[in-house]
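**Q** Quick one: this structure, given as structure tokens, is what I'll be asking you about.
Derivation of every value follows stated rules applied to the coordinates shown; laboratory data play no part. The shown structure was predicted, so the numbers you read here are calculated from the model rather than taken from an experiment. Here the Cβ positions follow ideal geometry from the backbone for every residue, glycine too, while neighbour counts run over all protein chains shown.
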Amino acid sequence: MAIDALGKVGSIAATATKGAAGVPATADGKTFGESLMSLVESVEQSGADANSSVTNMLDKTGDVHDAMIALQRAEMSLQLTVQIRNKLVNAYQDIMRMPI
């Protein structure tokens, strides 16, 4: 869900501390890669929820409103993930352009 994804982004953006073996970790103890992986998994789950809501709507066991809400949540969480990816790519490119 989009709200869950936003919470995960907040934990990614939290003040980093040193985890095991000097690997930077977020405030909840997960590394940055683990936080990104959980964000991607939540986006995949919201897409699966949207698909099941649409299937339920087509089978007439679900409501149209529920399907539309699930689709919007999936779209928003995907857009958030794409924007995070864009920021990471821009940051990487900025670091690569820095003179040594």
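**Q** Within region 49-74, how many residues turn out to be within 20 Å of L36 (Cβ to Cβ) and among the charged types (D, E, K, R)? If you could, list the steps in order and put the result at the bottom.
**A** Residues of region 49-74 within 20 Å of L36 (Cβ to Cβ): 73-74.
Add one more test, that the residue is among the charged types (D, E, K, R), and what stays is 73.
Number of matching residues: 1.
**Q** With the requirement that a residue be touching a residue at least 24 places away in the same chain (Cβ under 8 Å) and aliphatic (A, V, I, L, M), what does region 40-78 give you?
**A** Scanning region 40-78 gives V40, V43, A50, A70, A74, M76, L78.
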